[in-house]
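Have a look at the structure below before the remarks.
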Amino acid sequence: RAKEVSRNKYELFAPTMSVQASGRLTIEQELRKAVERDELVLHYQPQVQLQSGLITGVEALVRWQHPKRGMIPPAEFIPLSEETGMIIPIGEWVLRTACRQNKAWQEAGYAPMRVAVNLSVYQFKQPHIVHTIAEILHETGMDAIYLELEITESIAMQNAEQVIITLEELKQLGIQISIDDFGTGYSSLSYLRDFPINRLKIDRSFVNDITNGKDDAVIATSIIAMAKNLNLEVVAEGVENEQQLQFLKNKGCNEMQGYFFSKPLPAESLSSLLSKVT
Ligand code: C2E
Ligand code: MG
Ligand code: MG
Ligand code: MG
């Protein structure tokens, strides 16, 4: 009987809501310290030129190596870090680490390639974002022409004049811009005309059924054709098999990224896929 009472008591005083809230609070506090404690890690996924088969770039993808919870994927902490503002220090750490790593590969004699970094719209809206990025390039010694920033179509929902100014300033530095997850976001295409961008990344949801689903094949083909006419490069995300690769190659897609070639890998493992210049 006493047991029953105490269990009820427990249930009464530990409602699910507050448990979840405190769990979230813990993660938030831990996320705050993750950068200082060196718990974040970048994996790199190659981008391969379809004509030559050469690796022309890598995308840096962040993971959180949590001491107790193990490897946490970005989908589980990037949204929270955006809500809490933690995306600013995390994003800077990602930029700095990716630039430093790419410079290290170049210095080790590997053929120079781009490193692509995902830039949250919250980072993009920071008033000093261009200055911050320029400082990171200066500090790491990596040439701006090897940096690419991946932004999403949600950028087009921001103040267009300000977005154009920022993008122009980044372009002046020599940085390239790509539109990530293209086709899944904003419905207006006018930003393709107004914004200085270099590359479209076809979202992997369109690539997935490219060889079975008729509609996806039409959409992917149309994106490639449109990109070509706009003088933009086009990268297919999420390429998982040979048939998808051949289809995209035939349609004139420039590059692919996906498990078929390689999953995102730690820097040391990625090195073995790169070719030396010397
Ligand atoms: P994303 O930028 O679109 O990155 C591509 C995602 O697709 C990565 O997931 C990658 O592992 C996955 N992927 C690549 N090839 C394949 C494939 O062939 N099949 C399948 N099923 N998946 C594939 P990941 O690493 O879990 O990242 C998820 C998202 O988290 C990213 O999507 C990006 O939006 C965000 N993210 C990752 N790192 C950062 C970062 O440093 N900053 C910001 N702001 N966001 C980041
Ligand atoms: Mg991306
Ligand atoms: Mg994407
Ligand atoms: Mg994405």
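The values are calculated or read from the model by the stated rules, or taken from the named source; none is laboratory data. These numbers were taken from a predicted model, which means no experiment stands behind them. Using ideal geometry, Cβ is built from the backbone for each residue, glycine included, and neighbour counts are taken over all protein chains shown. For the accessible areas, the whole protein counts, side chains as well, though only heavy atoms, and no ligand, DNA or RNA atoms are used. Shrake-Rupley method; radii C 1.70, N 1.55, O 1.52, S 1.80 Å.
Here are the numbers for this structure:
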read-out	value
Proximal aspartates and glutamates relative to K276, as straight alpha-carbon distance under 17 Å, when same-chain residues fewer than 8 apart are discounted	E107, E268
For the chain, size of Cβ-based charge dipole, Lys and Arg +1, Asp and Glu -1, in debye	740 debye
Backbone HN-Hα couplings from phi across segment 258-273 [Karplus 6.51/-1.76/1.60, Hz, Gly and Pro as x]	x, 4, 4, 8, 5, 6, x, 10, x, 3, 4, 6, 5, 3, 5, 8
Estimated [θ] at 222 nm from DSSP helical runs (n ≥ 4, -39500 (n - 2.57)) normalised by residues in the chain, nearest 500	-14000 deg cm²/dmol
Equivalent ellipsoid dimensions for segment 135-278 as semi-axes, Å, which come from the Cα gyration tensor, largest first	26, 23, 12
Linear extension gain, Y259 paired with V218, 0.36 nm per residue minus alpha-carbon span	12.5 nm
Cut-off under 5 Å, modelled amide H: who pairs with N118 long-range	A60, E150
Positive-end extreme of charge dipole, segment 37-95 - chosen from F77, Q49, H66 (charges on Cβ)	H66
Residues with amide H under 5 Å from that of N254, placed H, sequence gap 5 or more	V234
Segment 35-146 - Kirkwood radius from inverse mean 1/r over Cα pairs (Å)	15.0 Å
In Hz, Karplus ³J(HN,Hα) per residue of segment 31-36 (6.51, -1.76, 1.60; θ = phi - 60°; x = Gly, Pro)	5, 4, 8, 4, 5, 4
Environment charge at I136 (Cβ cut-off 15 Å; Lys +1, Arg +1, Asp -1, Glu -1)	-3
About the Cα centre, charge dipole magnitude for segment 88-182 (Lys/Arg +1, Asp/Glu -1 at Cβ), debye	220 debye
Local net charge near D181, Cβ-Cβ under 14 Å (Lys/Arg +1, Asp/Glu -1)	-3
Under-5 Å amide H pairs with I177, H placed in peptide plane, nonlocal only	L149, N198, R199
Phi to ³J(HN,Hα) by Karplus 6.51 cos²θ - 1.76 cosθ + 1.60 over segment 140-150, Hz, x for Gly, Pro	8, x, 7, 5, 4, 5, 9, 9, 10, 10, 9
Local electrostatic count, E76, Cβ distance below 12 Å [Lys/Arg +1, Asp/Glu -1]	+3
Isotropic mean projected area of the C-alpha convex hull, the chain (nm²)	18.9 nm²
Residue-normalised accessible area of the chain, expressed per residue, 1.4 Å probe, Å²	53 Å²
For segment 189-249, size of Cβ-based charge dipole, Lys and Arg +1, Asp and Glu -1, in debye	240 debye
